Amino acid sequence: MTAHQRLTIGLFGFGVVGEGLYKVLQQTSSLNATIKKVCIKDANKKRNAPAELFTTDKDELLNDETINVIVEVINESEPAFQIISKALTNKKAVVSASKKMIAEHLPEILKLQEQTGMPFLCESSACASIPVIRNLEEYYDNDLLHSLRAIINGSTNYILTKMFENKLDFKTALLQAQQLGFAEADPTLDVDGWDAVNKWVILLCHAYGIITSSKEILFTGIQNINESDANVGREKNYEIRLVAQAKKLLNGKIAAFVFPQFVNHEDHLAFVKNEYNGVVIESSFADKQFFYGKGAGSFPTASAVLSDISALRYEYRYEYKKLYHHTPNQLTNDFYVRVYVSFDEWNLIPREKFEWIEEWHAQEGRKYLIAVIHFNHLAEDDWWKKNNTSLILTPDPIIEDIELRKLKKKSLELAGIS
Ligand code: HSE
């Protein structure tokens with residue numbers, strides 16, 4: 001593809017994002033890009049576009065030599081991977097929003113880009129309207145990036161906001177997120193943290209050159225959060241967010257996870273409400289930077305797809321600098337975290353696994369503790385997900401080996417034990 005060449009697009013999917021893109025492109029004539037054909041699954045569904053635009057035959061797009069860009073915004077992961085594989089092999093540039101597919105096929109997608117030399121852009125796959133992937137690729141050098149903390153799922157953030165600020169119950173808040181087009185077709189992907197961890201896999205690749213998968217990153221969603229957790233948070237002046245976090249530890253390895261977290265009111269992430277997403281990046285000299293924008297919905301997602309399409313005009317592609325030009329970073333579970341755990345019965349909590357317990361509240365009804373635990377223990381055992389147990393990380397939760405002894409001594413002194 002040569003610079004400023006006319007872009008002829010084959011679009012896969014005409015749902016929330018696909019239709020959004022179609023409308024947005026109609027209003028962006030300066031882009032010199034047109035949709036030639038749209039491939040859909042259900043030919044009988046009523047569409048707000050001329051009937052001759054649609055087909056159910058994917059090869060009509062993939063084998064059309066006049067189509068030089070495939071935009072893929074369908075829901076199903078495996079068919080999406082087949083489409084983008086064939087498109088790249090047939091020397092078409094690809095723009096994709098399919099975070100699940102990308103996270104599940106990351107090594108193959110990297111290989112396909114290497115083999116075919118074709119660009120694969122996916123800005124809309126994480127944080128929708130926030131241009132975080134391109135910033136991580138281009139701006140932050142490997143050595144400078146200390147940490148990332150992010151809200152990357154709009155639906156769960158919307159649900160948390162509605163539950164705790166507008167006093168809606170979980171089901172009603174989820175229904176609203178679905179009606180507004182934020183939630184996945186299967187909303188447990190949002191609620192249980194799958195969507196967030198998939199996006200985190202993508203961002204870890206662009207931020208740190210890490211190739212990983214949802215099997216290696218410990219995560220949970222907001223499925224176990226309840227009103228009593230919010231009440232404890234309120235007493236302590238905290239709000240609850242589903243936070244994806246990555247931090248370069250003193251040994252150079254990367255701690256990465258997705259968990260509900262208490263955040264202080266002054267935290268940038270406390271500012272992120274409803275379907276908005278936010279990313280706080282900490283680097284050596286710039287200190288903290290905060291990216292904020294809509295993380296779900298038709299036009300915000302379409303705007304990122306549009307930006308990728310526009311970038312193809314000047315032959316933009318990801319170089320994956322952290323992966324290919326630096327020594328890639330390694331993940332580790334060898335660190336400690338400070339956690340809040342709420343539960344119904346003491347005997348379901350393995351108290352011996354905690355390094356120390358800082359607070360416990362054992363009154364009638366819902367009980368909770370705040371304690372420090374080795375992260376690997378959470379990776380190896382799942383008591384904290386079962387029996388109506390809820391685990392929320394405390395603000396600034398990561399404790400490194402070197403800090404542990406000092407903190408332990410202090411906490412025992414405070415408890416009058418040493
Ligand atoms: N279900 C996703 C979310 C859509 O709520 O963030 C955007 O990726």
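The values are calculated or read from the model by the stated rules, or taken from the named source; none is laboratory data. Predicted model only: the values in this text are computed from it and were never measured. Neighbour counts run over all protein chains shown; Cβ positions are idealised from the backbone, glycine included. Side chains are part of the model used for accessible areas, which takes the heavy atoms of the whole protein and leaves out ligands, DNA and RNA. Shrake-Rupley method; radii C 1.70, N 1.55, O 1.52, S 1.80 Å.
Every condition in (1) among the charged types (D, E, K, R); (2) more than 16 Å from the ligand (Cβ to nearest atom); (3) at pLDDT 95 or above holds for residue 308 except the one numbered (2). If you scan the stretch 135-172, which residues turn out to be farther than 22 Å from residue 323 by Cα and among the polar types (S, T, N, Q)? Within the stretch 135-172, 153, 155, 156, 157, 161, 166, 172 qualify. Among the residues of the stretch 143-165, is any away from the ligand (no atom under 15 Å from the Cβ) and open to solvent by less than 10 Å² (accessible area, probe 1.4 Å)? Checked the stretch 143-165: at least one residue is away from the ligand (no atom under 15 Å from the Cβ) and open to solvent by less than 10 Å² (accessible area, probe 1.4 Å).
Restricting 41, 58, 23, 46 to those that are open to solvent by 60 Å² or more (accessible area, probe 1.4 Å) and touching a Cys at 6+ places or on another chain (Cβ under 6 Å) reduces the list to 58. Which one is farthest from residue 189 (Cα to Cα) among residues in the stretch 166-175 that are away from the ligand (no atom under 12 Å from the Cβ) and in a helix (DSSP H, G or I)? Among those residues, the one meeting the criterion is 172. Among the residues of the stretch 279-302, those that are crowded, with 23+ Cβ neighbours inside 10 Å and more than 12 Å from the ligand (Cβ to nearest atom) comprise 279, 281. Only one of the listed residues (258, 191, 232, 201) is β-branched (Val, Ile, Thr), within 12 Å of the ligand (Cβ to nearest atom) and in contact (Cβ under 8 Å) with a residue 24 or more places away in the chain. That residue is 191.
Could you please find all residues in the stretch 54-75 being part of a loop (DSSP other than H, G, I, E, B), of a type in the set (S, T, N, Q), modelled with pLDDT of 95 or more and under 12 Å from residue 14 (Cα atoms)? Scanning the stretch 54-75 gives a single hit, 56. Within the stretch 143-170, being more than 20 Å from the chain's Cα centre (by Cα) and over 23 Å from residue 265 (Cβ atoms) holds for 143, 144, 169, 170.
For the stretch 351-382, which residues satisfy the criterion of being of a type in the set (Gly, Ala, Ser) and either open to solvent by 60 Å² or more (accessible area, probe 1.4 Å) or within 12 Å of residue 335 (Cβ to Cβ) (or both)? Spell out how you get there, then give the answer.
Looking only at the stretch 351-382, we keep the residues that are of a type in the set (Gly, Ala, Ser), and these are 362, 365, 371, 379.
Within the stretch 351-382, just 379 meets the criteria.
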